[in-house]
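Structure first, commentary second.
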Amino acid sequence: MDFTISEEMTEFRGIVRTFVENELIPWEDHVEEHDGLPEDVERELRIKAVKLGLAGLGMPEEVGGAGFGTLDQVLIVEETSRALGGVSSGTIPGASNILLACTPEQRERFLYPCIRGEKQDCFALTEPDTGSDAAGIKTHAELVDGRWRLNGRKRFISHGDSADFAIVFAVTHPDQEDDRITAFLVEKGTPGFSVGQVHKTMGHRGYRQAELVFDDCMIDSANVLGEPGQGFVLARDWLRNGRIMTAARCLGPMARLIDEALEWSKQRVQFGQPIADFQAIQFMLADCATDLYASRMMTYNVAWDDDQGQDPKMVSAKASATKVFASEALGRVVDRVLQIFGGTGYMNEMFVERAYRNARIERIWEGTSEIQRVILARSLLKRGMFA
Ligand SMILES: Cc1cc2nc3c(=O)[nH]c(=O)nc-3n(C[C@H](O)[C@H](O)[C@H](O)COP(=O)(O)OP(=O)(O)OC[C@H]3O[C@@H](n4cnc5c(N)ncnc54)[C@H](O)[C@@H]3O)c2cc1C
């Protein structure tokens, strides 16, 4: 494998690091306090991010994206995730890669505006009764006079309250064993579509989760995404890439936490010497570096495999291993760094306190650690260990 980073990418990474440090991180206090950015600031930052070339990182250039391969996306996500998710998620425009299944007409209405940062989507799969068992969703739609009548409830949908449209998964072919689920593009304001409870969460201020309610919501056939019955296939593709990007999102906070822990331990004096002189602190720093290094290598490696077009089943197994390792490593790193900061680390104004709360979700969303282990074990038993 070859992780050589091109000169252009090294330069671009530097530009992104500066953008994150100068434009995003200064807004973290505001987002923690007010659970979001002022609308005008969010809009301005989004425009800057688009100008910088951060829009639609993984989307092909012909649809207006950055056209990056998986490894290049990982390198940039590692940088942008140094800022708290509540600041970066609303300001760096993205579009679910599932939107590449849009028809030309749908691309104009949904895909291109998302990539330009003018519209935001949300991905609505999870329901009150089905989380890990995503194929068991109950939301359903029937064809009535050429239109789809949608009924059901989704929950924990990120940006569900602010998104311009939702990508909604519903059972349309209940009698079939496979190909039972269809994806729909449901716009805000469609009669019968409403936002229910918006949750208060443990972390990620400014990154809200909402319940979406569909009550005899009538959807035009023109708003079916992909082929009827193929929705779950589309969702699965999205989830594989999502696992790699979740691992990448764990790298940024780990790196920033280690930087902060090094600085703090060198300047914090106890018993007449910097705490960095104590072996107990040094060992925690060493363990943090080991966790970051291993997570980084795994993430780069699976991204590189994906770019090489390796067997998607093997990439999927590796992506599960990587997501488990990186998300759990982040949990260990943030816990040690909080210990290194002592009582100061427990204060809300500190990055480590915020990162501690934010880190917990990485082991849950995009498939819990247990589900990743299930996927990995199944693959091992069927195909053996991956190279
Ligand atoms: C902050 C946040 C944002 C989210 N954003 C979105 C979003 O934008 N769109 C979306 O569709 N969803 C979203 N989700 C939902 C998320 O993907 C689910 O929470 C996650 O998949 C787990 O489902 P669950 O919470 O229902 O837990 P459950 O599935 O009820 O699991 C509970 C426990 O049982 C374990 N478990 C379940 N099945 C098995 C098994 N077979 N073997 C072993 N253990 C098992 C789980 O690992 C877990 O420990 C979000 C969730 C959160 C908290």
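The values are calculated or read from the model by the stated rules, or taken from the named source; none is laboratory data. The structure presented is a predicted model; accordingly, all values stated were derived computationally and were not measured. Neighbour counts are summed over all protein chains in view; Cβ atoms, including those assigned to glycine, are modelled from backbone coordinates with ideal geometry.
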Please specify each residue of segment 130-145 satisfying the condition of being more than 15 Å from E211 (Cα to Cα), within 8 Å of the ligand (Cβ to nearest atom) and in contact with a Gly (Cβ under 8 Å, 6 or more places away or on another chain). S132
Given (1) within 22 Å of C217 (Cβ to Cβ); (2) assigned to a loop (DSSP other than H, G, I, E, B); (3) within 16 Å of the ligand (Cβ to nearest atom), where does H173 come up short, assuming only one miss? (3)
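Please find, within segment 179-229, the residue that is farthest from V168 (Cα to Cα) out of those that are aliphatic (A, V, I, L, M) and not in a strand (DSSP E or B). Don't jump to the end; show me each part of the working.
Here is the first cut: in segment 179-229, the residues aliphatic (A, V, I, L, M) are 181, 183, 185-186, 195, 198, 202, 210, 212-213, 218-219, 222, 224-225.
Of the ones still in play, those that are also not in a strand (DSSP E or B) are 202, 222.
Values: M202: 26, A222: 14 Å.
Residue satisfying both the conditions and the ranking: M202.
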Output the number of the condition that A261 fails; it satisfies all remaining conditions of (1) outside any strand (DSSP E or B); (2) within 29 Å of L84 (Cβ to Cβ); (3) not assigned by TED's automatic domain parsing to the domain that holds V302. (3)
Given (1) of a type in the set (G, A, S); (2) surrounded by fewer than 18 Cβ atoms within 10 Å (Cβ to Cβ); (3) assigned to a helix (DSSP H, G or I), where does S132 come up short, assuming only one miss? (3)
Among the residues of segment 357-386, count how many are without any contact (Cβ under 8 Å) to a residue 60 or more places away in the chain and more than 8 Å from the ligand (Cβ to nearest atom). 9
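Mind listing just one residue for me: the one in segment 135-157 that is outside any strand (DSSP E or B) and touching a residue at least 40 places away in the same chain (Cβ under 8 Å) and, of those, surrounded by the fewest Cβ atoms within 10 Å (Cβ to Cβ)? It would help to see each step written out before you state the result.
First, the residues of segment 135-157 that are outside any strand (DSSP E or B): 135-139, 145-146.
After this cut, where a residue has to be touching a residue at least 40 places away in the same chain (Cβ under 8 Å) as well, the list is 135, 137, 139, 146.
Values: A135: 14, I137: 24, T139: 21, G146: 7.
Per the stated criteria, the residue is G146.
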Residues of segment 96-129 being assigned to a loop (DSSP other than H, G, I, E, B) and within 14 Å of the ligand (Cβ to nearest atom), in sequence order, are S96, Q120, L125, T126, E127, P128, D129
